[in-house]
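Student: Sharing a structure below in structure tokens format, with a few things to ask.
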Amino acid sequence: MSSAPLPGTAAWPPAQAAAYRAENLWRGETFADLLDRGAAESPHALAVVDERHRWSYAELDRRSHALATGLLRLGLRERDRVLVQLPNRAEFVEVIFALFRIGALPVFCLPAHRQAELVPIAESASATAIITCGTHARFDYAALARTVRERVASVRRVLVVDPGEFADGTLALDDFRDEPGPLPRTDPAAVAFLQLSGGSTGVPKLIPRTHDDYLYSVRRSAELCELGSDTVYLAALPVAHNFPMSSPGILGALWAGGTVALTPDPTPSAAFRAIERFGVTITGLVPPLLRMWVERAEAGPAPELASLRVVQVGGARCPDELARRAGPALGATLQQVFGMAEGLVCYTRLDDPLEVVVGTQGRPMSEHDRIAVVDDDGNRLPPGAVGNLITEGPYTIRGYHGNPEADARSFTADGWYRTGDVVSVRPDGNLVVHGRGGDWVNRGGEKVSAEELEGHLLAHPDVRDAVIVGTPDPVLGQRICAFVQPADPEVRPSLATVRAFVRERGVAAWKMPDTVVVVDRFPETGVGKTSRRELRRALVDGELRN
Ligand code: AMP
Ligand code: DBH
């Protein structure tokens, strides 16, 4: 067994790694150890629950051990990369721990991914297998996996968690639940899995995370979110995403000896029922989902939410207006989470004043995180200035998996990660996210912040949600397009109304939208963030007109 990184994976400088170990941030613990400890300390406590399963820690431990033994028999080996594409159900947890136990690396795909994403992911990971389900939400995932196997030479096996007969040599996971046997010991310094970047610029990049670094972030997140054995964390977002996985997510809940509950449907009807049924205490949402939950709860009493203590929002900027309504509507403490699968995660703290929770995206979780705000040439900016966020620390990667071009773009010469986010840091240390580098419209040289203008539109009573994007213009370079979701489908705000409203709020004339497009819903990314890229594309391709 070797602790060398995967080919193409840049690692922390040895002296830095040694320092993180010396400070006991990296503790030489693996994910398998985490589960073993849970099973030893509280075997009968409930570890995982969904519509169909209830597994204690002992049961999850045994099942993952049994499956690990079967996967070894099948020929999966340490360091093999395995695409895992599953909806939110208990087997996800069993499968990833089975893979961790044999040192194989799950590659965390989302249920929304299709061939166009999975083929390049499988290629760049040189994946040898895919673990998926049969038909879910009227989509045949096993067939998708077989297509990927046909296209990508390294992929030899397709395994399906559902029982039943599957075509073309697809294997049923049930046939690999062996009598638990001896397993290799994995190296805590080794890469444990490959996470995906959101891929705002196309095909997702592969993010190598080690047991040591990721477990540090999970532990610190669980402490900060005050998780304990009475925690019931609901995975409402797609569980493979970094946010519900680790901030503090399902791994935080398991680390604290609590329970992981999973729902494949995050919309209010299904999720509220799940909260009531499982006694959920904490969950994490993206802003569009939070808006749906808040609207539902404001429309009438929601006694199903009685057990809920903390609702997190992250993944994209939560408008202040929505943040303000969330706590009272849901009867829980709101926590903003600004994170990235590459590492750095910022949180508002549970006892922060409302003004911080509503108006900021929190501060780094660790005193060992280092952040800086720089201009486009990399020069440090004075305190409080708006600029590009760069960061390094004990759980922020130093390079992508096998992607030197992306590394050259995304990391500074001394190994800091360029987040691509435009932020300012307040005197109290909390960050305000102003958008991504690309979320500024450059209208004839005048730069307009999409996030700022969206805030003005959201104040209009007829506007439910708004997104500002820049679209190409032959004269100005870019023009300002406002996508608006109406509060009432019958009342569609016009360009004149919107402009008059924004002008009345005392906004400079050059920030006025040039176009308003009223749409009933916004396109979403795999995890449910509003997709600006898709909106821009639809506009340029002429698919959307007012
Ligand atoms: P991903 O590539 O999916 O890991 O997405 C990470 C990116 O999502 C960050 O770099 C931010 O651009 C964005 N993001 C995550 N959380 C927040 C938040 N609370 N506010 C604003 N942007 C966020
Ligand atoms: O968007 C993200 O990637 C994200 C958001 C909140 C994340 O990775 C996280 C918390 O850990």
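Quick note: the coordinates plus some simple rules give every number you see, no bench work behind them. If you're wondering where the values come from, they're calculated on a predicted model, not measured in any experiment. Cβ coordinates were reconstructed from backbone atoms using ideal geometry, including for glycine residues, and neighbour counts include every protein chain displayed.
Student: Mind listing whichever residues of region 214-233 are part of a helix (DSSP H, G or I) and hydroxyl-bearing (Ser, Thr, Tyr)?
Tutor: First, pick out the residues of region 214-233 that are part of a helix (DSSP H, G or I): 214-224.
Answer for region 214-233, where residues must be part of a helix (DSSP H, G or I) and hydroxyl-bearing (Ser, Thr, Tyr): Tyr214, Tyr216, Ser217, Ser221.
Student: Select, from Leu322, Leu308, the only residue that is assigned to a loop (DSSP other than H, G, I, E, B) and within 19 Å of Pro268 (Cα to Cα).
Tutor: Just one listed residue meets the conditions, Leu308.
Student: Just to be sure I understand the filter: pairs with C-beta atoms under 7 Å, separated by 6 or more residues or on different chains, first member in region 320-346 and closer than 19 Å to Ala222 by Cβ, second member of a type in the set (Phe, Trp, Tyr) and near ligand 2 (Cβ under 8 Å from one of its atoms). Which pairs pass?
Tutor: Val337/Phe243; Gly339/Phe243; Cys346/Phe338
Student: Go through region 496-513 and give me each residue that's surrounded by 17 or more Cβ atoms within 10 Å (Cβ to Cβ) and over 12 Å from Val463 (Cα atoms). Don't jump to the end; show me each part of the working.
Tutor: Residues of region 496-513 surrounded by 17 or more Cβ atoms within 10 Å (Cβ to Cβ): 498-499, 501-502, 511-513.
Once the filter is applied, which keeps residues that are surrounded by 17 or more Cβ atoms within 10 Å (Cβ to Cβ) and over 12 Å from Val463 (Cα atoms), region 496-513 yields Arg499, Val502, Lys511, Met512, Pro513.
Student: If a residue has to be under 20 Å from Leu539 (Cβ atoms), in a loop (DSSP other than H, G, I, E, B) and more than 16 Å from ligand 2 (Cβ to nearest atom) to count, how many in region 497-525 make the cut?
Tutor: 8
Student: Let me ask you something else. Considering region 240-287 alone, what residues qualify as being within 20 Å of Tyr214 (Cα to Cα), in contact with a Cys (Cβ under 8 Å, 6 or more places away or on another chain) and within 16 Å of ligand 1 (Cβ to nearest atom)? Break it down stepwise before answering.
Tutor: Applying the first criterion (within 20 Å of Tyr214 (Cα to Cα)) to region 240-287 yields 240-260, 283-284.
This time we only want the ones that are in contact with a Cys (Cβ under 8 Å, 6 or more places away or on another chain), so: 240, 248, 252.
Within region 240-287, Ala240, Pro248 qualify.
Student: Specify the residue that is surrounded by the fewest Cβ atoms within 10 Å (Cβ to Cβ); the eligible residues are those in region 300-330 that are more than 16 Å from ligand 1 (Cβ to nearest atom) and aliphatic (A, V, I, L, M).
Tutor: That would be Ala306.
Student: Residue by residue through region 354-382, note down the ones that are closer than 24 Å to Thr412 by Cβ and among the β-branched types (Val, Ile, Thr).
Tutor: Ile371, Val373, Val374
Student: Quick check on Val155: is it more than 23 Å from the chain's Cα centre (by Cα), assigned to a loop (DSSP other than H, G, I, E, B) and β-branched (Val, Ile, Thr)?
Tutor: yes
Student: In region 189-239, which residue that is farther than 27 Å from Leu350 by Cα, among the aliphatic types (A, V, I, L, M) and away from ligand 1 (no atom under 14 Å from the Cβ) is nearest to the chain's Cα centre (by Cα)?
Tutor: In this case the residue turns out to be Ala192.
Student: Of all residues in region 355-378 being over 15 Å from Glu392 (Cα atoms) and either polar (S, T, N, Q) or without any contact (Cβ under 8 Å) to a residue 24 or more places away in the chain (or both), which is nearest to ligand 1 (Cβ to nearest atom)?
Tutor: Top of the filtered list is Gln361.
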